[in-house]
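A short write-up of the structure that comes next.
Coordinate-derived values only; no laboratory data. Here the structure is a predicted model, which means the values were calculated and not measured. All Cβ positions, glycine included, derive from the backbone under ideal geometry; neighbour counts span all protein chains shown.
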Amino acid sequence: MRRSAMFLMLTTLSLPLPVEAMQAADQATLRRIRSEGLERSRVGELFQTLTTVIGPRLTASPQYNEAANWARDRFADWGLADAHLEAFEFGRGWTLEGLTLEMIEPRYFPLIGYPRAWTPASAGVIEGEPVYIGDATEEQIRAMANRLRGAIVLAYPPQTAFITEDRLQPADHDEAVPIGAPRSPRSQPAAGRAINALLAEVGAGVAFEPNAGQHGTVFVLGNRNTPDDATPSIVLAAEHYNMLVALARSTTPPRVRVGLEVSFHDVDTNGYNVIAEIPGTDPAVADEIVLVGAHLDSWHSSPGATDNADGAATAMEAMRILQAAGIRPRRTIRVGLWAGEEQGLLGAAAYVRRHIEDTPGGRERHYVYLNDDPGTGATRGWYLEENAALKPIFDAWIEPLHDLGVKRNVMERIGSTDHVVFNRAGVPGYNTIKDYVDYDVRTHHTNTDFPERVSEDDLRQSAVVLAMFAFNAAMHEGPLPANAAQRN
């Protein structure tokens, strides 16, 4: 009799909970998530480790690899399952080892500038009068070959167009707003790749170029496929570049000293994604994956606080919150921290090839991808990728988050970040709406992207929002509706 009663009790416990009971359990879990993220946050120390301790994280550099190993170890310490690195072929890494950059005549003046990533080193320290070719054609540049060989070259006209406004904030406008960073044109008669090839052809010692930043802001990127025999290239603060051009055109030409030391890392040419997960518990959907992520890499002229240490710290903290809150999601919740985003979404694309395109059933197993990248500050909602059918679902999920500053979801798409490759592979991918205050004009891909630009309160809020969305997706009944990018 007792055995029958025990069997009946165990059988009853194993049956699915009524919908009302599941919803009540979900609400209790959401409260635990909120409490853990707001009252016992670790996101500040995660963010400071990425930005202040480790610093710039150019993919395939020692600093990036340090960050990837550190993140994997944190996931393992927190008890997440299968915390590991996944390698993909990237190419050689690059590190800036030393830079001399100063005007010494007609007066001494230190110059603000940064080399393009993967640019080669200079042939020692070069000292001389810069040669201005900003108005020259290809033929004229070739005719100046003797003057340009080994010389410091001012390769472009003075910078007169600047990025002066951030993009509109989608969550604050009723009408649809253009999604994307502002652009600033730059002209040179022998523009683009042609000028780089010409400078290498004539054997220029080092090339200076301006950028569209103001007030000492330097927008500087780089090309991992830069040839070994390319002319070393340094991007100057626009005001300093314009000063050199003005002096070069005057009767008092400047004299400049410049030296560039770099290291190339070609022993290990892999990029590394960081992967970990919280396994699902519902046998019917446990093998389905709710993927959350952000790119871990940055450019090299700053620690990449807003692009994208804040997103990476948020994704890490969201997983810590979920684990610490003791959740038991129906679906597996997996995190991906991506390498090579800045070189073309390469890490996310490598994940898609490995786990979705080359794995039978991989597309069907991936339920949704939630990405945290463009912008900074608190999460204000989600870009819905023109998915009208999803809007009621995501609107319901942000309803209890309005008091934390979440405003609304918008129908627009956003490009140039990791969720794009998931949409192309048929997995619904969405990106957070963040703030753009001083983002486009000041921090995005610049030398000023330091942790002072980011509020720890905003990081806490973003981590809670991401954790709650991951949990809601992991518990949701049925599939999510396909978005426009998937249908295309």
Express as a percent, rounded to the nearest 5, the fraction of DSSP beta bridges in the stretch 101-264 (both residues included) that run antiparallel.
60
Debye log10 I(q)/I(0) at q = 0.15, 0.17 Å⁻¹ for the stretch 60-180, Cα point scatterers
-1.00, -1.06
In what sequence do 328, 74 fall when counting other Cβ within 10 Å, fewest first?
328, 74
Separation in nanometres of the label points that stand 7 Å from Cα toward Cβ, at residue 225 and residue 177:
3.5
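How many times 2.2 N^0.38 Å is the alpha carbon radius of gyration of the stretch 101-264? Kindly include the intermediate steps, with their values, before the conclusion.
Values: Rg = 17.1 Å, N = 164, 2.2 N^0.38 = 15.3 Å.
The stretch 101-264 yields a ratio of 1.12.
If you take every DSSP beta bridge whose two residues both sit in the stretch 273-415, what share of them, in percent to the nearest 5, is antiparallel?
Working: 5 of 18 bridges.
The antiparallel fraction comes to roughly 30 percent.
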How would you rank 279-287, 360-368, highest first, on the average number of other Cβ atoms within 10 Å across their residues?
360-368, 279-287
The FRET efficiency for residue 87 and residue 251, from their Cβ-Cβ distance with R0 = 60 Å and rounded to 0.05, is 0.55
Env charge @ residue 430, Cβ radius under 12 Å, K,R +1 / D,E -1, value -4
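Grab the DSSP H runs of the chain that are 4 residues or longer, score each as -39,500 (n - 2.57), total them, divide by all residues and round the 222 nm result to the nearest 500 deg cm²/dmol.
Value at 222 nm, helices only: -9000 deg cm²/dmol.
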Between [x] 24.3; [y] 23.4; [z] 21.7, the structure-derived Kirkwood radius over Cα pairs in Å is [x]
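What trypsin sites (Lys or Arg not before Pro) does the stretch 144-246 have in DSSP loop regions with at most 13 other beta carbons within 10 Å? List each step's numbers first, then the result.
Values: sites: 147, 149, 167, 183, 186, 193, 224; in loops: 167, 183, 186, 224.
Hits after loop and neighbour filter: 183.
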Based on the mean of other beta carbon atoms within 10 Å per residue, what is the order of 172-180, 415-423, most packed first?
415-423, 172-180
Per 0.36 nm of contour for each residue apart, how much would the distance between residue 77 and residue 143 grow if the chain were fully extended, relative to their Cα-Cα spacing?
17.4 nm
